[in-house]
Amino acid sequence: MHPLQCVLQVQRSLGWGPLASVSWLSLRMCRAHSSLSSTMCPSPERQEDGARKDFSSRLAAGPTFQHFLKSASAPQEKLSSEVEDPPPYLMMDELLGRQRKVYLETYGCQMNVNDTEIAWSILQKSGYLRTSNLQEADVILLVTCSIRSIMRGCDNMCSYCIVPFTRGRERSRPIASILEEVKKLSEQGLKEVTLLGQNVNSFRDNSEVQFNSAVPTNLSRGFTTNYKTKQGGLRFAHLLDQVSRVDPEMRIRFTSPHPKDFPDEVLQLIHERDNICKQIHLPAQSGSSRVLEAMRRGYSREAYVELVHHIRESIPGVSLSSDFIAGFCGETEEDHVQTVSLLREVQYNMGFLFAYSMRQKTRAYHRLKDDVPEEVKLRRLEELITIFREEATKANQTSVGCTQLVLVEGLSKRSATDLCGRNDGNLKVIFPDAEMEDVNNPGLRVRAQPGDYVLVKITSASSQTLRGHVLCRTTLRDSSAYC
């Protein structure tokens, strides 16, 4: 039996709840300690430990280059009926009571997991899948959380993307319900919330009639849409403003956005609010204007680079991440070289790079030809990853010598004497578990606990991780005096 089919069977038998949304970030995965064969499904008595161990080993090892091009050949898993969406958040008793539940998390757009090939491909391709020690699950889950979805669907209709066909047209939740949810999470002691959506910054709440005036949408300069300009409703800037006011000690992140939906009011708000993370995901997909047009992205390379400069001018010190697809339909060597040059020019802090894999129902499937050989896709992908790592290392090394605010998550996976956390730019920061001063209680020596904000002086950097030594425990509001 295909491994994902085993997991789906385990999930149903254990009552883990539907795997209806595969969302990225913030709810850390619980790691277990048994094994699951990739060729046969274990007996029910051994399924739970086996499934969790299988995910643990796969995710800890990370994807290989072959995974980027591999397509599962097992028959599709058909769910018997429409799966009801899970609750948008977990209450305190649920968080503490579900330590043994496996949470799937991956970067990118959410899909309905009713297709074994797509779901397994997501798990293999994601470079963002992470695990945390099982005994830490109760505290890790109480540190960060994600609002499961503030909006669903996508109207962009990029030629390679299947999301509009699996998630439908864009529709947004009322702001009032989102604020209520954030307040409950704050009351439960969570320190970080991620607003999730397929195209999160195109959020538009039309539930309040008085706000449905004919005010046009503001797009990023030089960007266009594949649909008629929308008007009215409460936009993403309003939501971000309101959410950031709920708890000044709660970090706010959002993903996944589209570059076209970054008007100045959003950038200004990110700059002004200390608890809105200075991190922006800016999916480029390609550095070639010709390929971007074939992808129906609504911008040229030049417009994208201008937006990057504008964001960095508006938000000094901002951390940028991006998506890139290697080997899209008709991509030439010159197109690939332009993507390489964009990686060097922008110098992203984080990146998510994949080889193109055509999906049925998409515009590319009906109108374009998947004509780049797989070995060429693999070579180009390897080149992009190599360049990204070189440039990310350079970008991250600018933090050496600086003091950064870190939200502690728990023990480092590789050392029992080190702790790990995330900085404002969402980079992992590793530092020794040592006594330090509490700035709010002079003379008191403490050790960092999950959920604490600490100041860390960075001493070294790689393409994925920063290292440093801890200075003191602080609060988010007080940290601005030191960072």
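The values are calculated or read from the model by the stated rules, or taken from the named source; none is laboratory data. This is a predicted model, so every value here is computed, not measured. Here Cβ is always computed from backbone atoms with ideal geometry, including for glycine, and neighbour counts include all displayed protein chains. Each accessible area value is taken on the protein alone, full model and side chains, heavy atoms only, with ligands, DNA and RNA left out. Shrake-Rupley method; radii C 1.70, N 1.55, O 1.52, S 1.80 Å.
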Practice task
Could you please let me know if ALA364 is assigned to a helix (DSSP H, G or I), modelled with pLDDT of 95 or more, at negative phi and touching a Cys at 6+ places or on another chain (Cβ under 6 Å)?
Solution key: yes
Problem - Top-ranked residue of segment 244-263 - restricted to ones that are assigned to a helix (DSSP H, G or I) and in contact with a helix residue (DSSP H, G or I) (Cβ under 7 Å, 6 or more places away or on another chain), ranked as modelled with the lowest pLDDT - result: ASP261
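The rows are residues; the columns are (1) assigned to a helix (DSSP H, G or I); (2) aromatic (Phe, Trp, Tyr); (3) closer than 25 Å to LEU195 by Cβ.
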residue	(1), (2), (3)
TYR304	yes, yes, yes
SER321	no, no, yes
HIS336	yes, no, no
THR339	yes, no, no
LYS377	yes, no, no
Practice task
Restrict the check to segment 461-477 and report whether at least one residue is crowded, with 18+ Cβ neighbours inside 10 Å and in a helix (DSSP H, G or I).
Solution key: yes
Practice task
Only residues that are surrounded by 15 or more Cβ atoms within 10 Å (Cβ to Cβ) and either among the basic types (Lys, Arg) or more than 28 Å from THR398 (Cβ to Cβ) (or both): list them for segment 414-437, please.
Solution key: ARG422, LYS428
Problem - ARG414, sole failed condition from (1) part of a strand (DSSP E or B); (2) basic (Lys, Arg); (3) without any contact (Cβ under 8 Å) to a residue 40 or more places away in the chain; (4) within 29 Å of GLU390 (Cα to Cα) - result: (1)
Exercise for the section: Could you give me the residue pairs with C-beta distances under 8 Å whose first residue belongs to segment 458-483 and is modelled with pLDDT of 95 or more and small (Gly, Ala, Ser), whose second residue is surrounded by 14 or more Cβ atoms within 10 Å (Cβ to Cβ) and in a loop (DSSP other than H, G, I, E, B) wherever it lies, and which are 6+ apart or on separate chains? Expected result: SER460/VAL400; ALA461/SER399; ALA461/VAL400
Practice task
Working carefully through the options VAL372, VAL400, VAL376, VAL408, find the one that is open to solvent by less than 40 Å² (accessible area, probe 1.4 Å) and under 21 Å from GLY468 (Cα atoms).
Solution key: VAL408
Handout entry: Residue that is touching a residue at least 40 places away in the same chain (Cβ under 8 Å) and either among the basic types (Lys, Arg) or under 24 Å from PRO248 (Cα atoms) (or both), where the choices are ASN441, ASN423
Key = ASN423
Problem - Exclusive hit being within 26 Å of GLY425 (Cα to Cα), surrounded by fewer than 16 Cβ atoms within 10 Å (Cβ to Cβ), among the acidic types (Asp, Glu) and touching a residue at least 12 places away in the same chain (Cβ under 8 Å), set GLU302, GLU313, GLU334 - result: GLU302
Handout entry: Residue that is modelled with the lowest pLDDT [pool: residues in segment 441-457 that are surrounded by fewer than 19 Cβ atoms within 10 Å (Cβ to Cβ) and among the hydrophobic types (A, V, I, L, M, F, W, C)]
Key = LEU444
Handout entry: Complete set of residues in segment 337-369 that are among the basic types (Lys, Arg) and crowded, with 16+ Cβ neighbours inside 10 Å
Key = ARG359, ARG363
Fill in the blank from the handout: Filtering segment 253-285 for residues that are touching a residue at least 40 places away in the same chain (Cβ under 8 Å), within 22 Å of ALA176 (Cβ to Cβ) and surrounded by fewer than 20 Cβ atoms within 10 Å (Cβ to Cβ) leaves a count of 1
Practice task
Report whether or not ASP241 is open to solvent by 10 Å² or more (accessible area, probe 1.4 Å) and not in a helix (DSSP H, G or I).
Solution key: no
Practice task
Kindly indicate whether any position in segment 273-292 is out of contact with any helix residue (DSSP H, G or I) (no Cβ under 7 Å at 6 or more places or on another chain), assigned to a helix (DSSP H, G or I) and closer than 24 Å to ARG204 by Cα.
Solution key: no
Practice task
Just name the residue that is surrounded by the fewest Cβ atoms within 10 Å (Cβ to Cβ) out of those in segment 157-195 that are touching a Ser or Thr at 6+ places or on another chain (Cβ under 6 Å) and more than 30 Å from GLU331 (Cβ to Cβ).
Solution key: PRO174
